[in-house]
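Q: Submitted below is the structure of interest, expressed as structure tokens.
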């Protein structure tokens, strides 16, 4: 009898996979948090995943100017909110330190 390997038909080459449309969506919340998700065809391949604002800024610099400007305006608003928060926290810390000194003195 002939060996089993010789009896097999040669493998047919697989047809190349058709390219699918890929959509990358970058989302920003009012609080300045960013997420990215990816959809290939109709299948979501990456669920919303947190992205650091610095990484968003870096990516924006490599995109067309109109896109970068839109992203930068959102980043600037987030910077402003954070600066205001820092000032509120500093004022709160100063008040707490004064109260502690009064209790100690």
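Q: I'm trying to understand the selection: among the residues of the range 25-41, which are closer than 19 Å to residue 59 by Cβ and surrounded by fewer than 12 Cβ atoms within 10 Å (Cβ to Cβ)?
A: 27, 29
Q: Restricting to the range 53-89, give me the number of residues that are part of a loop (DSSP other than H, G, I, E, B) and touching a helix residue (DSSP H, G or I) at 6+ places or on another chain (Cβ under 9 Å).
A: Within the range 53-89, residues that are part of a loop (DSSP other than H, G, I, E, B) and touching a helix residue (DSSP H, G or I) at 6+ places or on another chain (Cβ under 9 Å) number 2.
Q: Which of the numbered conditions does residue 80 fail, given that it passes all the others? Conditions: (1) surrounded by 10 or more Cβ atoms within 10 Å (Cβ to Cβ); (2) over 14 Å from the mean Cα position of the chain (by Cα); (3) within 30 Å of residue 17 (Cβ to Cβ).
A: Only one criterion in (1) surrounded by 10 or more Cβ atoms within 10 Å (Cβ to Cβ); (2) over 14 Å from the mean Cα position of the chain (by Cα); (3) within 30 Å of residue 17 (Cβ to Cβ) is unmet by residue 80, namely (3).
Since every read-out is calculated from the coordinates, none of them should be taken as a lab result. As the structure is a computational prediction, the values presented were derived from the model and not from experiment. Note that we place each Cβ from the backbone using ideal geometry, even for glycine, and neighbour counts take in every protein chain shown.
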